[in-house]
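Take a look at the structure below.
The values are calculated or read from the model by the stated rules, or taken from the named source; none is laboratory data. Keep in mind that what you see is a predicted model, and the values were worked out from it rather than measured. Every residue, glycine among them, receives a Cβ derived from its backbone with ideal geometry; neighbour counts consider all protein chains shown. Side chains included, ligands, DNA and RNA excluded: accessible areas come from the protein's heavy atoms. Shrake-Rupley method; radii C 1.70, N 1.55, O 1.52, S 1.80 Å.
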Amino acid sequence: SGTATGFGKILQKVHTQSTTSQTTSGATKLDVLTLSITPASSSNQILLLAQLSAYMVPSSNATSGVYIYRGSSAGSNVSHSISWINAAYNLYANHGLAIIDTPNTTSATTYHLTLARQSSGTSTVSTDGYHYSLIALELAA
């Protein structure tokens, strides 16, 4: 009685990480990491974990955004984190994301971690050579 039958069990893990310095200065979101996971069942969920420290160089305010998209970097916005500081000096913003997604498919599903400059008051946003990562864990339904 009360015995679990496998629901919530982690079936697979896909992980990607980098320390490559990447910078964006325009309005376009910069695709910094991509991974693909193929769910065993369309009812299974994907736990997504992401971490990125954004280095902001502002002209009037420091604003950065980190997003997870499904499909493409212009696809479905699964989760995001925005950092805004009314300061005119260079600084870091630590972004951590954790979200459960239900892609409803058994086809390979691609996730993108993107970095964005969120305001014209921010000159550039970069990863500045620090470690950043994206992890996908398939959870049994």
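Listing for the model above:
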| read-out | value |
| --- | --- |
| Those residues of the range 35-58 which are surrounded by 16 or more Cβ atoms within 10 Å (Cβ to Cβ) and of a type in the set (Gly, Ala, Ser), in sequence order | 50, 53, 54 |
| Counted residues, the range 29-42 - those being in a loop (DSSP other than H, G, I, E, B) and either in contact with a Phe, Trp or Tyr (Cβ under 8 Å, 6 or more places away or on another chain) or without any contact (Cβ under 8 Å) to a residue 60 or more places away in the chain (or both) | 1 |
| Close pairs (8 angstrom Cβ cut-off, 6 or more residues apart or separate chains): open to solvent by less than 50 Å² (accessible area, probe 1.4 Å) in the range 80-99, in a strand (DSSP E or B) and modelled with pLDDT under 85 anywhere | 83/62; 87/62; 91/62; 91/85; 93/62; 93/85 |
| Residues within the range 111-135 that are open to solvent by 30 Å² or more (accessible area, probe 1.4 Å), within 20 Å of residue 24 (Cβ to Cβ) and in a strand (DSSP E or B), tallied | 3 |
| Single condition residue 48 does not satisfy, out of (1) within 30 Å of residue 140 (Cβ to Cβ); (2) over 12 Å from the mean Cα position of the chain (by Cα) | (2) |
| Test for residue 107: is it among the polar types (S, T, N, Q), part of a loop (DSSP other than H, G, I, E, B), touching a residue at least 40 places away in the same chain (Cβ under 8 Å) and over 30 Å from residue 123 (Cα atoms) | yes |
| Flag for residue 17 being surrounded by fewer than 18 Cβ atoms within 10 Å (Cβ to Cβ) and either within 23 Å of residue 84 (Cβ to Cβ) or touching a residue at least 60 places away in the same chain (Cβ under 8 Å) (or both) | yes |
| Test: residue in the range 59-76 that is over 12 Å from the mean Cα position of the chain (by Cα), within 16 Å of residue 137 (Cβ to Cβ) and open to solvent by less than 70 Å² (accessible area, probe 1.4 Å) | no |
| Unique match (being at pLDDT 90 or above and closer than 20 Å to residue 27 by Cα) among 85, 100, 46, 68 | 68 |
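Okay, residues lined up against (1) out of contact with any His (no Cβ under 8 Å at 6 or more places or on another chain); (2) closer than 30 Å to residue 123 by Cβ; (3) of a type in the set (Gly, Ala, Ser):
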residue: 10; (1), (2), (3): yes, no, no
residue: 16; (1), (2), (3): yes, yes, no
residue: 20; (1), (2), (3): yes, yes, no
residue: 23; (1), (2), (3): yes, yes, no
residue: 27; (1), (2), (3): yes, yes, yes
residue: 33; (1), (2), (3): no, yes, no
residue: 38; (1), (2), (3): yes, no, no
residue: 43; (1), (2), (3): yes, no, yes
residue: 46; (1), (2), (3): yes, no, no
